[in-house]
Amino acid sequence: MPTGVSIIDFEPAHRPAFEALNHELDYEWITRYFYIEGANRQPVENPQQYIVERGGHILMAVCEGEIVGTCALVKEHDGVYELARLAVAPAAQRRGIGWALGQAMLGKARELGARRVEVLSISTLLPALKLYDKLGFRPAALIPGHPGDVRMVLDL
(Lines give C-alpha, C1' and ligand atoms only; values in the text may rest on other atoms or scores of the structure.)
Protein backbone atom coordinates (compact mmCIF):
# COMPACT_ATOMS: atom_id res chain seq x y z
CA MET A 1 0.00 0.00 0.00
CA PRO A 2 1.43 3.40 -0.90
CA THR A 3 2.42 5.50 2.11
CA GLY A 4 -0.40 7.68 3.37
CA VAL A 5 -3.05 5.96 1.23
CA SER A 6 -5.96 3.94 2.57
CA ILE A 7 -8.54 1.94 0.65
CA ILE A 8 -12.08 2.21 1.99
CA ASP A 9 -15.50 0.92 1.01
CA PHE A 10 -17.79 3.19 -0.96
CA GLU A 11 -20.51 5.02 0.93
CA PRO A 12 -23.34 7.05 -0.65
CA ALA A 13 -21.58 10.23 0.52
CA HIS A 14 -18.70 9.34 -1.85
CA ARG A 15 -20.94 9.58 -4.94
CA PRO A 16 -19.71 13.06 -5.96
CA ALA A 17 -16.07 11.93 -5.81
CA PHE A 18 -16.88 8.70 -7.69
CA GLU A 19 -18.67 10.70 -10.37
CA ALA A 20 -15.88 13.30 -10.60
CA LEU A 21 -13.15 10.67 -10.98
CA ASN A 22 -15.17 8.80 -13.57
CA HIS A 23 -16.06 12.01 -15.38
CA GLU A 24 -12.32 12.57 -15.84
CA LEU A 25 -11.95 8.96 -16.97
CA ASP A 26 -14.86 9.24 -19.40
CA TYR A 27 -13.68 12.41 -21.01
CA GLU A 28 -10.04 11.46 -21.12
CA TRP A 29 -10.61 8.34 -23.17
CA ILE A 30 -14.12 6.97 -23.44
CA THR A 31 -15.48 9.94 -25.35
CA ARG A 32 -12.55 9.68 -27.76
CA TYR A 33 -13.62 6.19 -28.79
CA PHE A 34 -17.24 5.64 -27.80
CA TYR A 35 -20.54 7.44 -27.63
CA ILE A 36 -21.77 7.55 -24.03
CA GLU A 37 -25.49 6.95 -23.90
CA GLY A 38 -27.69 7.75 -20.92
CA ALA A 39 -27.78 4.11 -19.84
CA ASN A 40 -23.97 4.03 -19.72
CA ARG A 41 -23.91 7.09 -17.45
CA GLN A 42 -26.34 5.61 -14.92
CA PRO A 43 -23.73 3.54 -13.02
CA VAL A 44 -21.59 6.68 -12.64
CA GLU A 45 -24.44 8.93 -11.61
CA ASN A 46 -26.06 6.40 -9.26
CA PRO A 47 -23.40 3.83 -8.28
CA GLN A 48 -25.25 2.69 -5.18
CA GLN A 49 -28.23 1.52 -7.25
CA TYR A 50 -26.46 0.33 -10.41
CA ILE A 51 -23.37 -1.29 -8.90
CA VAL A 52 -23.65 -1.93 -5.15
CA GLU A 53 -27.32 -2.92 -4.92
CA ARG A 54 -26.86 -5.31 -7.87
CA GLY A 55 -24.22 -7.33 -6.05
CA GLY A 56 -21.11 -5.36 -6.97
CA HIS A 57 -18.75 -3.31 -4.88
CA ILE A 58 -16.89 0.00 -5.02
CA LEU A 59 -13.65 0.97 -3.31
CA MET A 60 -12.24 4.44 -2.82
CA ALA A 61 -8.58 5.42 -2.32
CA VAL A 62 -8.01 8.18 0.22
CA CYS A 63 -4.82 10.20 0.63
CA GLU A 64 -4.48 12.99 3.20
CA GLY A 65 -8.24 13.09 3.65
CA GLU A 66 -8.96 13.45 -0.07
CA ILE A 67 -10.44 10.79 -2.34
CA VAL A 68 -7.90 10.25 -5.10
CA GLY A 69 -9.04 7.02 -6.72
CA THR A 70 -11.81 4.52 -7.19
CA CYS A 71 -12.51 1.10 -8.62
CA ALA A 72 -15.76 -0.79 -9.16
CA LEU A 73 -16.56 -4.47 -9.30
CA VAL A 74 -19.71 -4.94 -11.38
CA LYS A 75 -21.59 -8.22 -11.08
CA GLU A 76 -22.21 -9.62 -14.56
CA HIS A 77 -23.77 -12.97 -13.61
CA ASP A 78 -23.17 -15.73 -11.09
CA GLY A 79 -19.50 -15.87 -10.27
CA VAL A 80 -18.44 -13.42 -13.00
CA TYR A 81 -17.62 -9.78 -12.30
CA GLU A 82 -16.17 -6.93 -14.30
CA LEU A 83 -13.39 -4.79 -12.87
CA ALA A 84 -14.47 -1.35 -14.03
CA ARG A 85 -14.19 2.35 -13.40
CA LEU A 86 -10.61 2.15 -12.13
CA ALA A 87 -9.61 5.79 -11.97
CA VAL A 88 -6.88 7.70 -10.14
CA ALA A 89 -6.77 11.50 -10.08
CA PRO A 90 -4.00 12.76 -12.38
CA ALA A 91 -2.13 14.43 -9.48
CA ALA A 92 -2.05 11.10 -7.59
CA GLN A 93 -0.96 8.85 -10.45
CA ARG A 94 2.33 6.94 -10.53
CA ARG A 95 2.21 6.28 -6.78
CA GLY A 96 0.89 2.70 -6.82
CA ILE A 97 -2.70 3.68 -6.05
CA GLY A 98 -4.13 1.87 -9.08
CA TRP A 99 -2.23 -1.28 -8.04
CA ALA A 100 -3.51 -0.98 -4.46
CA LEU A 101 -7.10 -0.53 -5.67
CA GLY A 102 -6.80 -3.47 -8.06
CA GLN A 103 -5.33 -5.76 -5.40
CA ALA A 104 -7.98 -4.77 -2.87
CA MET A 105 -10.77 -5.28 -5.38
CA LEU A 106 -9.54 -8.72 -6.36
CA GLY A 107 -9.59 -9.58 -2.66
CA LYS A 108 -13.19 -8.34 -2.51
CA ALA A 109 -14.06 -10.41 -5.59
CA ARG A 110 -12.77 -13.52 -3.81
CA GLU A 111 -14.86 -12.62 -0.73
CA LEU A 112 -17.94 -12.32 -2.95
CA GLY A 113 -17.31 -15.78 -4.41
CA ALA A 114 -16.19 -14.65 -7.86
CA ARG A 115 -14.71 -17.34 -10.06
CA ARG A 116 -13.74 -14.93 -12.82
CA VAL A 117 -13.07 -11.20 -13.14
CA GLU A 118 -13.01 -9.53 -16.55
CA VAL A 119 -11.72 -6.20 -17.83
CA LEU A 120 -12.83 -4.42 -21.00
CA SER A 121 -10.45 -1.75 -22.27
CA ILE A 122 -8.80 -0.30 -25.34
CA SER A 123 -5.36 -1.03 -26.74
CA THR A 124 -4.15 2.58 -26.52
CA LEU A 125 -4.41 2.59 -22.71
CA LEU A 126 -0.99 1.04 -22.25
CA PRO A 127 -0.51 1.98 -18.55
CA ALA A 128 -3.89 0.42 -17.69
CA LEU A 129 -3.14 -2.71 -19.70
CA LYS A 130 0.23 -3.07 -17.97
CA LEU A 131 -1.51 -2.77 -14.61
CA TYR A 132 -4.08 -5.43 -15.52
CA ASP A 133 -1.29 -7.73 -16.71
CA LYS A 134 0.62 -7.16 -13.45
CA LEU A 135 -2.58 -8.01 -11.52
CA GLY A 136 -2.69 -11.37 -13.37
CA PHE A 137 -5.27 -10.70 -16.09
CA ARG A 138 -4.67 -12.44 -19.42
CA PRO A 139 -5.95 -11.60 -22.93
CA ALA A 140 -9.26 -13.21 -23.93
CA ALA A 141 -11.60 -13.21 -26.90
CA LEU A 142 -13.72 -10.10 -27.33
CA ILE A 143 -17.44 -10.23 -26.63
CA PRO A 144 -19.48 -8.86 -29.56
CA GLY A 145 -21.37 -5.70 -28.71
CA HIS A 146 -19.14 -4.71 -25.77
CA PRO A 147 -17.05 -1.53 -25.97
CA GLY A 148 -13.33 -1.63 -26.39
CA ASP A 149 -10.88 -3.70 -28.35
CA VAL A 150 -9.28 -5.51 -25.42
CA ARG A 151 -10.78 -8.05 -23.06
CA MET A 152 -8.76 -9.60 -20.28
CA VAL A 153 -9.79 -12.21 -17.73
CA LEU A 154 -8.53 -13.51 -14.42
CA ASP A 155 -9.78 -16.84 -13.15
CA LEU A 156 -9.78 -16.91 -9.37
Can you tell me which of (1) open to solvent by 40 Å² or more (accessible area, probe 1.4 Å); (2) at pLDDT below 95; (3) small (Gly, Ala, Ser) is the one Ala17 doesn't meet?
(1)
Criterion (open to solvent by less than 10 Å² (accessible area, probe 1.4 Å), modelled with pLDDT of 90 or more and among the aliphatic types (A, V, I, L, M)) met by exactly one of Ala61, Ala140:
Ala61
Kindly provide the set of residues from the range 64-73 that are in contact (Cβ under 8 Å) with a residue 24 or more places away in the chain and surrounded by fewer than 17 Cβ atoms within 10 Å (Cβ to Cβ), ordered by number.
Glu64
Taking the condition of being touching a Gly at 6+ places or on another chain (Cβ under 9 Å), open to solvent by 10 Å² or more (accessible area, probe 1.4 Å) and within 16 Å of Pro2 (Cβ to Cβ), how many residues in the range 101-113 meet it?
0
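Yes/no per residue for (1) open to solvent by less than 50 Å² (accessible area, probe 1.4 Å); (2) at pLDDT 95 or above; (3) of a type in the set (Lys, Arg); (4) more than 26 Å from Pro144 (Cβ to Cβ):
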| position | (1), (2), (3), (4) |
| --- | --- |
| Glu76 | no, no, no, no |
| Ile97 | yes, yes, no, yes |
| Arg115 | no, yes, yes, no |
| Ser121 | yes, no, no, no |
| Ala128 | yes, no, no, no |
Residues of the range 78-95 satisfying the condition of being part of a helix (DSSP H, G or I) and at pLDDT 95 or above:
none
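The values are calculated or read from the model by the stated rules, or taken from the named source; none is laboratory data. For clarity, every value in this text was computed on a predicted model and none was experimentally measured. When we count neighbours, we look across all protein chains shown, and the Cβ atoms used for this are built from the backbone with ideal geometry, even at glycine. With ligands, DNA and RNA removed, areas are computed over all heavy atoms of the protein, side chains included. Shrake-Rupley method; radii C 1.70, N 1.55, O 1.52, S 1.80 Å.
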